[in-house]
Every structure is written in structure tokens, then in C-alpha cells.
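Peer 1: Take this structure, written in C-alpha cells, and hold onto it; I'll ask about it next.
Derivation of every value follows stated rules applied to the coordinates shown; laboratory data play no part. Every value quoted in this text rests on a predicted model; they were computed, and no experiment measured them. Neighbour counts run over all protein chains shown; Cβ positions are idealised from the backbone, glycine included.
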Amino acid sequence: MSDPINIEKVMSRIRSGEMRIPGFQRKFVWQPQQAALLMDSIYKGYPFGSILLWRTGNMLKTEKNLGGFGLPAPEKDYPIDYVLDGQQRITSLFATFQNGIAGDGEDPEVWLPIYYDFDATDDVQDPRFVALASDAVDSDRHFPLKTFFHPVNFSRAAQQLPEARFEQIVTVQQRFVAAAIPVQTFESEDRTSVAIVFERVNRLGVELDMFQLLTAWTWSDDFDLQEQFEALADEFSDFGFEDVGADNDLMLRCAAAVLVGDPAPSALIDVNGAEVRARFEEVVKALRLAIDFVRNQLHIRHLKFLPYSALLVPLTAYFSTRQNQTTPDSDRRVLLRWIWRTSFSHRYSGNPLRNVRSDVEEAIKLRKGDANSLDAIRVDVPPAFFLDHAFRQSNVASKCLILMLAGRKPRTFLSGTFVDLGKVLSEPNRREYHHCFPQKYLINSGTDSDTKRISALANIAFISRVDNRTILAKAPSDYRSLMPTDIGAISEAALLPDSLFTDNWDLFLVERADLLASEAQKLIA
């Protein structure tokens, strides 16, 4: 344990570039009010934790700013202290009291100045400090903490107060001047041991997620897991899958499935960081092939259309050793059956890790040509599936319907031209699927008022927004006149029974559900 240091010393070391944030640290995540509570703890003499520093003579290639503050280069011949634990507190202290380094300014989502509230209740629980936007500040009530370590500014502001409040704020300021921060300093030039210390300290107490731990565990001057994931998000954004690279948990599961055959991110902790770095490109290539598979085989152009994003994990495991080989047609059929059966059975709902882990193991067997049970999932898709599930684009059943109909090369209702799936399935907010029996028609005509029944999957098809505005509240028999004379191709692609255009609502639901169920059975057969 090093000697404690006061806040002013922390500020000085940051301004001189001597105290810095390593690249493998997580971002500054505290909300302004959390910083205000820290100030209240310091003021009241409550324990507020120690900080852990790693002292080295060499700067890292990758560093983070201190919150929104860009730090100056360190002075010559100074050792550098990188913050391993306590970043949120140090950043909050610096942002509260500093006056010399430009930051991001006032932003309620990032930072607000902290003030002492003269009118706050003086008790052990309620805080006397608040984070306020400039338009909420009452100069008679709120005193800015940013002046506390700037004698001239503090004197000017304090002298404008009534005598009682002047004495009060001087007492408050002196408590911060006298406050000492416990410090532990770890000196080493061994980068591996630094990552281990960081991981162990955080695993013992500070709430960090597995991604942050593994970022430290695998970090080197030339490899930053956060940067790798961000680069993948940029790459995958070109074809609608940026959410993959942005989903740290999903990426870690894919990496774990490839590197250790176990999709639990915690399994990577036992892997040497150098091995993760050396094999990371293997993970990236496998993930690219997995995304290509769902794009080409299921027409998906955005991750949100995949019934479960976790389906990418076993797919990535499968493609990890087939990176320069054509997928055998027999394997392709197994993979598709597995996707459809898993999706229609809602097998990955809830806490799916056990099933994902089992599927990773079976996918690895499949890629090796061994006997496997990847697609041996018992599932039945009866007509009731399409009657009991209401259409909501975010639920699994609705995604199954969208992809099932997409595979039939749907056509627009009024012109009969092919639906541009590249557009429709690349933008989740595009509403290109609507009611075959218009909701307004059913309600206005008194045919049905049950909105859940009206929005059953059996009543949904690919209908463009333009066509839907034209159809509006018309009976199917009325908008039939707006369609081509021969609608055979339209009806076949959308699995529409003839009863739709006789306005027989009840019969239509039954017959359409039967047609959809029959198509689903083909996909899972």
C-alpha cells in the first residue's frame, strides 16, 4: 500500500499526464448523480474505496481518455501510473474539480457539474450534493465544486455569500482539501501479469462483465478486444449485421465456441491470452461464413430477422474448420432443418445456454463428418401455431413466418412483381407485411373485433406499404379488382386460399393456417 494521496495531488498527476487510463479499461459509465454521491461520501467521511495503479516506464499504444477529457502527453522521465481499479471515482473527481483541460462540456448523458446544496437536509443519509444543468442552478442555493481547488475562483464565489453560508462553504471545502485517497501501486513491465492483476481484482469485487475481464486478459499492445469487436461491427454493417459486432455477449459466445468448443464466455478465462490473439482471425472468418449462410439460405439482411441471434453460435462453430471448403449439400440440409426446428419449437427461449452448448458440440461433430444429432429436435407445427400467435415483428413466431414466406419468393399484391427482399429484410422498421383481411374492414363491417385474432399469423403476408395504403379498409373481394387478372403466382407465393377473395373470414383463417402449417412441415421434415 502506497501512501494516501489527496485530491489535489490526483488532479496534478492527471494534468501532467502522469496518471492515465489503459486501453483495456471499460468506458466511464457513472451517471452524474453517482459522482454527486461520491462527493457526499467524501464530505461525510464515509469510506469510498481505494485506487489501484500500475506503474510503468513505458506508455501503452492504446489508451482511453479520462471520461470526456483528452490527456496531455506525460512529462519527460516521469513514471506513468495506469489506473487498474478506481477509474470511475478518479474520473468523477477530476471532472468535478478540474479547470485546466477541455472536455466534452455539459451533457446530461455524460456529465453535469456538481454543486453543494445549502438547503439540503443535513443528515447522514440524504446527500448534500447534486448534479445540475446550468439552467437548474440557483446561485443563492448551489455552490460549484469546480472552484474548490482554484483559490481565486473559490474566494470570489464564496465572498458573495452571506456570512453564515460563507463559513459553511469554507468548512466544506476544507474537508475535500484534507481528504486522502488510499492507493495501491503495482510496479511491473510484464504486461501479462498486469492483465492477470486487473482480471483478478475485478473478479474479486468490482462489477465488471466478462467482456471487460477478457479484454484485459487478452490485451497486448497490438491487440485490443474492444477494438476488434468495433472493427467487426463496422465490417458487418455493410450488409446489415453490425449488431453482431456490437453484441459483446454474442461475439464472446461465438469466440468461445470456436476456441474451446464451449459457448460460455467464462470458458475463455482458462485460455491463454496469446492463444486468443493468435486464433482470433479464425473466429472472424468462421463468423463471416455463418453470416453468409443465413444471408444466402434464409434471405436475412439484418440480425433482427434471425429468430434467435444465438443461432449464429453453433453455425460459427461449424464453419470454424470449413473456412476454405464448400459446404456439402447434406450438411446444408441438416443446418437448415436445425435452424427451422429450433426456431419453430422456441428452443432457445428463456435461458438457452444448455441447448446452445449441446448444439455447438453437435455442430462440431457435423463439420468433422461424425454421427451427430444436431437436427434431432422433436417439433410439430400444427395449424394452431399460426392461429394462436399474433404477429409482432419482434417475436420468434413472427420471424419464422417472415422467413418462411421470404423463401417462397413473394410477390407484391397489386402489381405481382417480386418483393425486393434485399430491402425488406435489411431494415427491421420497414412495414412490408400486413393483414390479408384488412383490420379496418373486419372492424368496420362488424365481421370481427378481436384484434388478436385479426393479427394472427394466418392473416399476415408480404404486402408493401404502398399496396396496403391502397387496400386500406377494402374487402378482399373489392381489392381483388386492383390485382392482375391471373393471381396464381401471387397466391402460390403467399400461400393464399381462394376463400380470401370470397370474403369468408372464418374459412380463410382455417385454410390459410393449414397451408402455412403444411409449408412449415416441409421445412422441418
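Peer 1: Between Glu189 and Ser237, what is 0.36 nm times their sequence separation minus the Cα-Cα distance? Round to one decimal in nm.
Peer 2: Working: separation 48, 0.36 × 48 = 17.28 nm, distance 3.82 nm.
Roughly 13.5 nm would be gained on extension.
Peer 1: Continuing with this model, one more query. Would you mind ranking His346, His389 by Cβ crowding within 10 Å, fewest neighbours first? Before the final figure, lay out each step's value.
Peer 2: On the way: His346 16, His389 19.
With the sparsest Cβ surroundings first, the list reads His346, His389.
Peer 1: Considering only DSSP beta bridges whose two residues both sit in the chain, what percent are antiparallel, to the nearest 5?
Peer 2: Details: 24 of 31 bridges.
Counting only bridges with both partners in the chain, antiparallel ones make up about 75 percent.
Peer 1: Under 1.5 on a/c is rounded, so check that first for segment 442-525, then, if it is not, pick prolate when a/b is larger than b/c and oblate when it is not; a ≥ b ≥ c are the square roots of the alpha carbon gyration tensor eigenvalues. Write down the numbers at each step before the final one.
Peer 2: Numbers: a/c = 1.76, a/b = 1.23, b/c = 1.44.
Oblate is the answer for segment 442-525, as a/c is 1.5 or above yet b/c matches or exceeds a/b.
Peer 1: Arrange the following residues from fewest to most other Cβ atoms within 10 Å of their Cβ: Trp219, Trp111. If you can, show how the numbers build up before the last one.
Peer 2: On the way: Trp219 27, Trp111 24.
Listing Trp219, Trp111 from fewest to most nearby Cβ atoms yields Trp111, Trp219.
Peer 1: Could you give the nm distance between label points at Thr502 and Thr326, where each point is 7 Å from its Cα heading toward the beta carbon?
Peer 2: Going by the 7 Å Cα→Cβ label model, 4.9 nm.
Peer 1: Can you give me the angle between helix 329-344 and the longest principal axis of the chain, using Cα atoms only, in degrees from 0 to 90, rounded to the nearest 10?
Peer 2: Helix 329-344 sits at roughly 80 degrees to that axis.
Peer 1: Apply 1/(1 + (r/R0)^6) to the Cβ-Cβ distance of Val152 and Ser16, taking R0 = 30 Å, and write down the FRET efficiency to the nearest 0.05.
Peer 2: On the way: r = 21 Å, r/R0 = 0.70.
Step by step, r from the Cβ atoms, then E = 0.90.
Peer 1: Same structure, new question: Given the rule -39500 (n - 2.57) for each run of at least 4 DSSP H residues, summed and divided by the residues of the chain, what is its mean residue ellipticity at 222 nm, to the nearest 500 deg cm²/dmol? Don't jump to the answer; show the numbers that get you there.
Peer 2: Numbers: 23 runs with 245 residues, N = 525.
Computed mean residue ellipticity for the chain: -14000 deg cm²/dmol.
Peer 1: I've got another one for you. What percent does the relative contact order of segment 2-191 come to when contacts are Cα pairs within less than 8 Å and at least six residues apart? Please report the intermediate quantities before stating the final value.
Peer 2: Values: 300 pairs, mean separation 63.5, N = 190.
Computed over segment 2-191, the figure is 33 percent.
Peer 1: Separate question: Considering Cα pairs under 8 angstrom that are at least six residues apart, work out the relative contact order of the chain and quote it in whole percent. Mind showing how you got there, number by number?
Peer 2: Values: 802 pairs, mean separation 58.2, N = 525.
Reported as a whole number, the value is 11 percent.
Peer 1: Quick one: if the Förster radius is 30 Å, what FRET efficiency do Asp122 and Glu75 give, using the C-beta to C-beta distance and rounding to 0.05?
Peer 2: Values: r = 43 Å, r/R0 = 1.43.
After rounding, the FRET efficiency stands at 0.10.
Peer 1: Counting other beta carbons within 10 Å of each Cβ, put Met39, Met11 in order, fewest first.
Peer 2: Details: Met39 27, Met11 21.
Placing the least packed residue first, the sequence is Met11, Met39.
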